[in-house]
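Q: Sharing a structure, written as structure tokens. Questions coming.
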Amino acid sequence: MDYEQLVTVMRRLSIEAGDKIMEIYGADDFEVKTKSDESPVTIADEAADKIISDGLRAAFPDVMLVTEEQSATHSASGDTFLIVDPLDGTKEFINRRGDFTVNIALVEGGVPTRGVVYAPARSRMFFTLADGSAVEETGDFPKDSMGPVQPISVSTPDNAALMVVASKSHRDQATDDYIAKYNVRDMKSAGSSLKFCLIATGEADLYPRVGRTMEWDTAAGHAVLTGAGGAVVRFDDLTPLTYGKADFANPFFIAHAPGVELKAS
């Protein structure tokens, strides 16, 4: 894989998809449909998916592609592939809360190694460079050239006063019970894969997810967090979260800065 080309393509496609999403987001109304798993989908999900999947297939025709919005790709098998969630946080989008993201990642040998997370309504973009290190880009996000970037890295957490980030749409008692095992200084709520990025920038220390997610929900944020020095582990045994599972479904997990003293589930 040519990582320089990959980063350029992923970044550009995320911006193109983000522009289309924001065009629909700004409309007076848009149709909301329900998928077979009862989750919502909009024209923005579908339009962004077409932009990204067409672009990736053109640039990397020999690489397996898995994308949330194309069920035919969900039967693919392998441990090295491109994986896409064109609009993560559809509920945030529908409710116009802004915390939705475009997610594109490369998984190699079951490990997310490169990725981009773009939050167009928040004007925040996080991605891995060709060497795997993570950066945040600032500025106007031109499509054809990278703007100013700054390296990001996880915090050195104080286990007596942790900053925890949790889901806006999926908080439940099991999550709160687990968080209660820690000494928490404060909590933030964030939607979609932004939670991984808040740990990657040092804005939070810990994100436990006690609920269903799919690999396309997490791969890009996982890659960014890894590139910033963080980690994602399974909730049950604290081993690394891996990708390419038979149904692309994740177990419960914990994303964290390495200095956090993890508690048993």
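Q: Considering only the range 175-187, I want to know if a residue exists there that is buried (at least 21 other Cβ atoms within 10 Å of the Cβ), in contact (Cβ under 8 Å) with a residue 40 or more places away in the chain and not in a helix (DSSP H, G or I).
A: For the range 175-187, residues buried (at least 21 other Cβ atoms within 10 Å of the Cβ), in contact (Cβ under 8 Å) with a residue 40 or more places away in the chain and not in a helix (DSSP H, G or I): absent.
Q: Given the options Ala47, Ala76, name the one that is within 20 Å of Tyr243 (Cβ to Cβ), of a type in the set (Gly, Ala, Ser), surrounded by fewer than 21 Cβ atoms within 10 Å (Cβ to Cβ) and in contact with a strand residue (DSSP E or B) (Cβ under 9 Å, 6 or more places away or on another chain).
A: Exactly one residue qualifies, and that residue is Ala76.
Q: Do any strands (runs of 3 or more DSSP E) lying entirely in the range 1-113 carry at least 3 residues that are over 17 Å from the mean Cα position of the chain (by Cα) and touching a residue at least 24 places away in the same chain (Cβ under 8 Å), and which ones are they?
A: In the range 1-113, the matching strands (runs of 3 or more DSSP E) lie at 40-42.
Q: A follow-up question, please. Could you pull out the residue among Leu82, Leu56, Leu65 that is aliphatic (A, V, I, L, M) and surrounded by fewer than 21 Cβ atoms within 10 Å (Cβ to Cβ)?
A: So the residue among Leu82, Leu56, Leu65 that is aliphatic (A, V, I, L, M) and surrounded by fewer than 21 Cβ atoms within 10 Å (Cβ to Cβ) is Leu65.
Q: When the range 163-188 is examined, which residues are found to be closer than 21 Å to Ala228 by Cβ and in contact with a helix residue (DSSP H, G or I) (Cβ under 9 Å, 6 or more places away or on another chain)?
A: Met163, Val164, Val165, Ala166, Ser167, Met187, Lys188
Q: So, one more: Take the residues of the range 188-217 that are in a helix (DSSP H, G or I) and of a type in the set (Phe, Trp, Tyr): which is surrounded by the fewest Cβ atoms within 10 Å (Cβ to Cβ)?
A: Result: Trp216.
Q: Among the residues of the range 218-253, write down those that are in contact (Cβ under 8 Å) with a residue 60 or more places away in the chain and either among the acidic types (Asp, Glu) or part of a loop (DSSP other than H, G, I, E, B) (or both).
A: Correct list: Ala228, Gly229, Gly230, Thr242, Tyr243, Gly244, Ala246, Asp247, Phe248.
Q: Same structure, new question: Hey, does the range 89-106 have a residue that's closer than 16 Å to Gly244 by Cβ and crowded, with 24+ Cβ neighbours inside 10 Å?
A: Within the range 89-106, one or more residues are closer than 16 Å to Gly244 by Cβ and crowded, with 24+ Cβ neighbours inside 10 Å.
The numbers here are math on the coordinates, done by the rules we state, and not lab data. In this text, all values refer to a predicted model and were calculated from it rather than measured experimentally. FYI the Cβ positions are ideal-geometry reconstructions off the backbone, even for glycines, and counts take in every protein chain you see.
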